[in-house]
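Heads up, the thing below is written out as structure tokens.
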Amino acid sequence: MAETAEPQTQQTDDSKHAARAERRAAKLAKQIGAFAEAHGGAEGQLAHLGQAGTRIVLVGEDGGWGDLVAPSYAVAESAARKAGITVHEDFDGEFAAKVRTGPYEWSRMAGIQVGGPSNDNA
């Protein structure tokens, strides 16, 4: 009897995990949609972060950009699909050229360079 209980427990755990992943994908899709609405549309790129999950890099039609982190690549793919955005294989070419950075980003990047301003002054 114990042998039959174990597979049922595994199925319950799997269904809970799947439901949790689906809820996370739906929440991320909503956030992606809000970003796209605020920036006249959006495109994205998915990047593995190792055990930390997957980074969803978003670039708006107006050049604004941002990112979200999904717990797995599958959840990130599902979120992007639900949000209806185009997902690029790489962050290069025309896609990367759409990104517009401002003084804040430049000062932060310069602050990590030798001789650049410190991040405290940004």
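Listing for the model above:
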quantity	calculated
Solvent accessible area, Å² - HIS17, 1.4 Å probe, full protein context	120 Å²
Estimated translational D of segment 59-110 in µm²/s (Stokes, Kirkwood radius over Cα pairs; 10 °C; 1.306 mPa s)	124 µm²/s
Area of ARG100 that stays accessible when all protein chains are in place (1.4 Å probe, Å², to 10)	150 Å²
TYR104, TYR73, reordered so the largest accessible area comes first (probe 1.4 Å)	TYR104, TYR73
Segment 1-107: radius of gyration and largest Cα-Cα distance (Dmax), Å	17.6, 67
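The values are calculated or read from the model by the stated rules, or taken from the named source; none is laboratory data. What you are looking at is a predicted structure, and each value in this text was computed from that prediction instead of being measured. Just so you know, the surface numbers come from the protein's heavy atoms only, side chains and all, with ligands and any DNA or RNA stripped out. Shrake-Rupley method; radii C 1.70, N 1.55, O 1.52, S 1.80 Å.
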